[in-house]
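Have a look at the structure below, then the notes.
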Amino acid sequence: MIAYVSGILAEKSEQDNVIVDVNGIGYNVLVSPKEASLLPPEGSRVKLYTHMAVREDAQKLYGFLTRESLSLFRMLITVNKVGCKIAQDILGSLSPDELRLAILSGDEKTINKCPGVGPKMAQRIILDLKDKIDPDTVFVHVGAFETQDADASGANGMTDAAREALEALIALGFSATMSGAAIRELAITENMTSEDIIKEALKIIR
């Protein structure tokens, strides 16, 4: 298995593939348009973490700029009927943090907006992957629950009230991404209840 390719970006397509020259050998790597837009100009050095998909009729390399995205890609393709192309399209639409938060919070709407993903597939992704994601890591990454007083929220930098507020906002029909972004803007203090946070977050959302 090819863990990554590191070399010169020889060709950069506007679609879904790039060619990386590694010591005179050109590797064709499939990337999402989002990843392609983040790559440096042709002639620059690049490193792409890769997954090789082998079928009877083809061998394809799927590339990602971070190990984090590659790890999520490999989790996604374990879900029934989620192939490599759909998994890459999902990661081309949502950041790793947005995807993990949507899965943990059961936010089907956000996942359903990704290309090739219908309501049933979104449900399967959430059902199959929810137990594989560490919620504390996600909340810290998203950064939506930091308080003004680090001691008030414990080592993870979040409060129970903030968690409850997020769950309530999602239950009201707002997406996890929108809810998390609204809470992130708040200066949450130790004395704020979940109701206080919800009220302030709704002012931002609406």
Inter-residue pairs, beta-carbon under 7 Å, first free of Cβ contacts under 8 Å to residues at least 12 places away in the same chain and in the stretch 16-33, second surrounded by fewer than 17 Cβ atoms within 10 Å (Cβ to Cβ), 6+ apart
Ile19/Ala10; Ile19/Glu11; Ile19/Gly26; Ile19/Asn28
Single residue of the stretch 35-55 satisfying the filter (of a type in the set (Gly, Ala, Ser) and surrounded by 13 or more Cβ atoms within 10 Å (Cβ to Cβ)) that is nearest to Lys85 (Cα to Cα)
Ala53
Give the residue that is surrounded by the fewest Cβ atoms within 10 Å (Cβ to Cβ), with candidates limited to residues of the stretch 10-34 that are assigned to a strand (DSSP E or B) and under 25 Å from the mean Cα position of the chain (by Cα).
Asn28
Would you check which residues across the stretch 88-102 are under 20 Å from Tyr62 (Cβ atoms) and part of a helix (DSSP H, G or I) and list them?
Gln88, Asp89, Ile90, Leu91, Gly92, Ser93, Pro96, Glu98, Leu99, Arg100
Does any residue of the stretch 104-125 turn out to be over 21 Å from Ala168 (Cβ atoms), modelled with pLDDT under 90, out of contact with any strand residue (DSSP E or B) (no Cβ under 9 Å at 6 or more places or on another chain) and of a type in the set (S, T, N, Q)?
no
Please go through the stretch 38-50 and give me each residue that is part of a strand (DSSP E or B) and free of Cβ contacts under 8 Å to residues at least 40 places away in the same chain, ordered by number.
Arg45
Per the filter on the stretch 170-206, residues more than 19 Å from Ser95 (Cβ to Cβ), aliphatic (A, V, I, L, M) and assigned to a helix (DSSP H, G or I) are Ala171, Ile197, Ile198, Ala201, Leu202, Ile204, Ile205
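The values are calculated or read from the model by the stated rules, or taken from the named source; none is laboratory data. In this text, all values refer to a predicted model and were calculated from it rather than measured experimentally. When we count neighbours, we look across all protein chains shown, and the Cβ atoms used for this are built from the backbone with ideal geometry, even at glycine.
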